[in-house]
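**Q** Quick one: structure below, then a few questions.
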Amino acid sequence: AGCIILKSLEDAEAAGDAIRSVIINSGLNQDGRTRGIATPNGKAQEALIRQVYKEARIDPSLAGFVEAHGTGTKVGDPLEATALNAVFGKGRTPRQPLLIGSVKSNIGHTEGTSGVVSVIKTALALERGFVPPNCNFEKANDAIPMEKWNMKVRPRAHLKH
């Protein structure tokens, strides 16, 4: 089970709550017309990310890690990676890549709760200064030029059952 309690920063500080992270901005859109219900629209994703960062007055090049949807699909992952590269790729080098993660490789696709778990994972990564590896990650989809785009997924050895 996962739970996120949202409060204004002022209320959390007044209550003496442990503050795990602060959400500066968020956004929501609809992908629009796509080839199928399970196919994302990369341009819509890119536009939303740009809008959220612009409204928050944050330079996307400052992001070192992105928690992606990352379902492992042949069509969806390249579309998402292309959008991420378009927004976050500027100025990346092999020594300063964009780290990409997806909690789904660790726990599976838990539908709506995967978003809650992704927020918890990212808050803990920020708090601890450590991006956890993705279980069972071997290599990216061949349609995603990870090396060219200076993107990296932290692999972890296969888990034994």
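The values are calculated or read from the model by the stated rules, or taken from the named source; none is laboratory data. Just so it is clear, the structure is predicted and the values come from calculations on it, not from any experiment. For neighbour counting, all protein chains shown are included, and Cβ atoms are generated from backbone atoms with ideal geometry for every residue, glycine included. Accessible surface is based on the protein model in full, side chains and every heavy atom, while ligands, DNA and RNA are left aside. Shrake-Rupley method; radii C 1.70, N 1.55, O 1.52, S 1.80 Å.
**Q** Top to bottom by accessible area (1.4 Å), largest first, where do 139, 152, 121 land?
**A** If we order 139, 152, 121 from most to least accessible, we get 139, 152, 121.
**Q** Can you work out the accessible area per residue across the chain, with the rest of the protein chains kept in place, probe 1.4 Å, in square angstrom? Mind showing how you got there, number by number?
**A** Working: 11130 Å² over 161 residues.
It amounts to 69 Å² per residue over the chain.
**Q** Pop a pseudo-label 7 angstrom from the Cα along the beta-carbon direction at both residue 59 and residue 4 and give the gap in nm to one decimal.
**A** Going from the residue 59 label point to the residue 4 one covers 2.7 nm.
**Q** With contacts defined as alpha carbon pairs under 8 Å and 6 or more residues apart, what's the relative contact order of the chain in percent? All intermediate terms of the calculation are to be shown ahead of the outcome.
**A** Working: 192 pairs, mean separation 36.2, N = 161.
Relative contact order, the chain: 22 percent.
**Q** Under 5 Å between amide hydrogens, which residues at least 5 positions from residue 150 or on another chain qualify, with H placed 1.01 Å from N in the peptide plane?
**A** The list, which skips near neighbours in sequence, is empty: none.
**Q** Classify the chain from the C-alpha gyration tensor, please: rounded if a/c falls under 1.5, else prolate or oblate depending on whether a/b exceeds b/c. Write down the numbers at each step before the final one.
**A** Values: a/c = 1.45, a/b = 1.27, b/c = 1.14.
Rounded.
**Q** To the nearest 20 debye, what is the magnitude of the charge dipole of region 15-150 about its Cα centre, counting +1 on the Cβ of each Lys and Arg and -1 on the Cβ of each Asp and Glu?
**A** Working: 16 positive and 13 negative charges, 62 e Å.
Result for region 15-150 is approximately 300 debye, rounded to the nearest 20.
**Q** If you average the alpha carbon positions of region 80-144 and of region 33-66, how far apart do those two centres end up, in angstrom?
**A** 14
**Q** List, in order, the whole-Hz ³J(HN,Hα) value for each residue of region 107-117 obtained from phi through the Karplus relation with A = 6.51, B = -1.76, C = 1.60 and θ = phi - 60°; use x for Gly and Pro.
**A** Here the 3J(HN,Hα) series is 10, x, 8, 9, 6, x, 6, 4, x, 5, 5 Hz.
**Q** Order 41-52, 126-137, 7-18, 84-95 from most to least packed using the mean count of other Cβ atoms within 10 Å. Display every interim value, and only then the final one.
**A** Numbers: 41-52: 17.5, 126-137: 13.8, 7-18: 9.9, 84-95: 15.4.
By packing density, highest mean first, the sequence is 41-52, 84-95, 126-137, 7-18.
**Q** I've got another one for you. Once phi is turned into θ = phi - 60°, what whole-Hz ³J(HN,Hα) does the Karplus curve with 6.51, -1.76 and 1.60 give for every residue of region 54-71, x standing for Gly and Pro?
**A** 5, 4, 7, 6, 10, 6, x, 5, 7, 6, x, 9, 10, 8, 9, 5, x, 7
**Q** Separate question: First measure r as the distance between the Cβ atoms of residue 15 and residue 136, then evaluate 1/(1 + (r/R0)^6) with R0 = 45 Å and state the FRET efficiency to the nearest 0.05.
**A** 0.65
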